[in-house]
1. Among the candidates Leu777, Leu722, Leu792, Leu797, which residue alone is assigned to a helix (DSSP H, G or I) and under 25 Å from Val637 (Cα atoms)?
2. If we scan the stretch 513-523, do we find a residue that is in contact with an Asp or Glu (Cβ under 7 Å, 6 or more places away or on another chain), touching a residue at least 24 places away in the same chain (Cβ under 8 Å), of a type in the set (Lys, Arg) and within 18 Å of Leu48 (Cβ to Cβ)?
3. Which residue pairs have Cβ atoms closer than 7 Å, lie 6 or more positions apart in sequence or on different chains, and pair a first residue in the stretch 240-264 that is closer than 22 Å to Arg428 by Cβ and part of a loop (DSSP other than H, G, I, E, B) with a second residue that is small (Gly, Ala, Ser) and open to solvent by 10 Å² or more (accessible area, probe 1.4 Å)?
4. Return only the number of the condition from (1) at pLDDT 95 or above; (2) open to solvent by less than 30 Å² (accessible area, probe 1.4 Å) that Arg639 does not satisfy.
5. Given the residues Val294, Val338, Val315, which is the only one that is open to solvent by less than 60 Å² (accessible area, probe 1.4 Å), touching a residue at least 24 places away in the same chain (Cβ under 8 Å), assigned to a loop (DSSP other than H, G, I, E, B) and within 28 Å of Ser249 (Cα to Cα)?
6. Does any residue in the stretch 754-770 that is more than 17 Å from Ala666 (Cβ to Cβ) come within less than 9 Å, Cβ to Cβ, of a residue that is in a loop (DSSP other than H, G, I, E, B) and open to solvent by less than 50 Å² (accessible area, probe 1.4 Å) six or more places away or on a different chain, and which pairs are these?
7. Starting from residues that are under 23 Å from Ala159 (Cα atoms) and small (Gly, Ala, Ser), keep the ones in the stretch 434-491 and report whichever is most open to solvent (accessible area, probe 1.4 Å).
8. For Ser727, only one of the following conditions fails: (1) more than 30 Å from His74 (Cα to Cα); (2) among the hydroxyl-bearing types (Ser, Thr, Tyr); (3) in contact (Cβ under 8 Å) with a residue 24 or more places away in the chain. What is its number?
Amino acid sequence: MEDLRYDPSEIEPRWQRVWADERTWEVPNAEAGQVAADGDERAKSYVLEMLPYPSGEPHIGHLKVYSVGDAVAHFHRRTGHRVLHPMGYDAFGLPAENHAIKTGQHPRESTNAAIAEFQRQFREWGISIDWSREFATCDPGFYRWTQWIFLELFKHGLAYRKDAIVKWCPNDQTVLANEQVIDGHCERCGFEVEVRQLNQWFFRITDYADRLLDDLSTIEWPEHVKTMQRNWIGRSHGAEVTFRCEDLSIDYPVFTTRPDTLFGATFFVMAPEHPDVERLAAGTGQEQEARDYVTRVLTETNEQRGREDKEKTGVFLGRHVVNPVNGEAIPIYVADYVLMEYGTGAIMAVPAHDGRDYEFARRFDLPIRRVVEGENPDGDADGLPYSGDGLLVNSAPQFDGKPNREALEAIVGWLDRDGKGHSSINYRLRDWLISRQRYWGCPIPVVHCESCGIVPVPENQLPVVLPDVQDYAPKGQSPLAAATDWVNVPCPSCGGPGKRETDTMDTFVDSSWYFLRYCDASNAQAAWDPAILREWMPVDQYIGGVEHAILHLMYARFFCKALTDLGHLDVQEPFAKLFTQGMITKDGAKMSKSKGNVVSPGAIVASHGADTARAYILFIGPPDQDADWSDEGVEGVHRFLSRLWRLSADVAGRPAEDWPVSPQGADLVLVRKANWAIDKVTGDMSSGRFAFNTAIAAVMELTNEVSRLRDEAGTGAMRFALETANSLLFSFAPHAAADGYHLLTGRRVWEEPWPAADAQFLSSDTYELVCQVNGKLRDRVEVAADADRESLEATALAAPNVRAHVDGHDVVKVIVVPGKLVNVVVR
């Protein structure tokens, strides 16, 4: 066996050519949504990883997510499913555009170069992709249908324009995302950021808030992801109460979940983004101070403004509103801790019963009035702020002395009868702003006409193709505005002069429907054939990072619901099951070039082969948890694959021998171990938690057993055990496993059904007990299956090779693991 050498550089390309030449992983669509085009009536399985952004070359995270997805796809194929496992690229976006600004290279060129590298490496990894369905979201053949979806939403009132506050860099002349603002300055050029109002496009996702929330119960997603979505939607039950500014004769509604504390409201606070802040301050002498404060605050992110430890700041606006429950005039402030995203952008402040209001009141010396009895043990001398329940005090006579929760509904009813408030439901969710003043994105297919207003581009004129431009840097507007020949077009409605929309769409729009296009990727007449979507949707297993738990997953769910309502789909939820993989770190830290701890998949594949890289990344730990990369671990997995392949090649070269009908001795040990491995790996793959690490460990155990007994067991039992090991390993290391299985059987493992364990070999009157001393294997003994802990300990201590290593030492303790091992700890 010593002259046999495992050579992934020869084995892997050979099997990759087979799969590419025979288009092994392509799957045809069904005819009329009933039976597959090849007559295959197996159950479908749509396995999908979140499509990658192509930049440079794939990183270790790509290798992990696609190794996970490929293991699932292979398992489903061999357990009786028709598997759709496609691939594409989320190809629009800022990185390619910023590269173009720096280098002058067209984003299309750098994107296509990155896509080519992704294609090359993914094929080199042996990922079982249906490449016939591949596309990039920057392909006009794809974004034609992105534009069609936009028009459908626009036609039905789900896409609209309105003014919105944005963060603006006066030097770069562009809108900045929150993450591009660092300490109030542009991260690119360092200029101080300004706040402006721009007319922006939105999708009306708030119309779907209740369904997005309620339908979470219908999908098998990790509970922490569902919780993140529930919190983002933020449905709250309470009351909307009207406070009136008598000076300006304006009513300001506020939403509160605590109408029982209305009598304790001693001031009123507006979000800096509230459109009436300047109006309220006008003529009071507070205008400039308020304006300066708002400008300064709005350069901060909501996260910065909402930090618990942040000192409370604000400005009095010079006016008052009337508290409707007691007629008191209370002062109006603008303060950073109030966000426009919640409620109406204004709050009644109850400092005695809210921590943030309490801090603000202490800072600005405002009244604090207790209206609910109770003590906060961590509060001030008066036990405030207190946010718990208790009896009402200092309220109206008809409510004082009542438990606050009992009085809550009565107070709302009282307000409702007087026309001052009513019960209400509020959502944290806000409509989706999709406008981007950038070049490298999907053009918005509308024309602005002075006579007709906003006019949709006719469907037969789609796609509106992104034009080439000379300068990708924004100059106060989208770079597209400089393409005057493209911008100036006849109005599709009246034929008069019109101008195309120069904003492009948020790239999340592309990723909100790409999974639908995979089902019918070659359709040139429509975005999809509804019958084909009925065949494949929803995605049965979706796989990706938890960082997409809110935006991408929420937007995709919204698209499915909206398109179903418009009659284009028959599916309410896009992803039936979701798996979120953990991060791979190196030396205990997140990988980054600056830290010098980046692991290149390409380098690992070049030195050890794709199977080693794939198997190690799944063996390193539970795939839903973070794990730290170990070069020594890579070597260990490579040695395992080499051992299995060499054993397979060695046994394949021996004279054929029948499988033992009634195995005995070493043959029986191997047959039992092989059936145990089948049962173990099947359970780990079927659990939904994808315990690939323990599945691979089981194959390693089986391989080690074959190696240990290779001079005692017959060729038939050895062959059976090695066929089983290769068959089980194929999902994780497809090239080596395919080669080993073919050497042993002459057959293709991916065309074989998943192995089934023989129940008669899963139970036994005895088992082999592993005996260790200080964690090192020293002996093996046969013991009764029902042996108790004392018997196991005694048997292990009596084993000859254990005695040889224990004699002369003190036994510190004996660790007994029934059914598996005894470890004697000595010193």
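The values are calculated or read from the model by the stated rules, or taken from the named source; none is laboratory data. Remember, it's a predicted structure, so these values are computed and weren't measured experimentally. Reconstructed Cβ throughout: ideal geometry from the backbone, glycine too, with neighbour counts over all protein chains shown. Quick note on the areas: whole protein, heavy atoms, side chains included, nothing else; ligands and nucleic acids left out. Shrake-Rupley method; radii C 1.70, N 1.55, O 1.52, S 1.80 Å.
1. The unique qualifying residue is Leu722.
2. The answer is no; no qualifying residue exists.
3. Cβ pairs passing all conditions: Thr257/Ser236; Thr257/Gly238.
4. In the conditions (1) at pLDDT 95 or above; (2) open to solvent by less than 30 Å² (accessible area, probe 1.4 Å), Arg639 misses (2) alone.
5. Going through Val294, Val338, Val315 in turn, the sole match is Val338.
6. Listed by first residue and then by second, the contacts come to Trp754/Gly80.
7. Looking at the filtered set, the residue picked out is Ser451.
8. (1)
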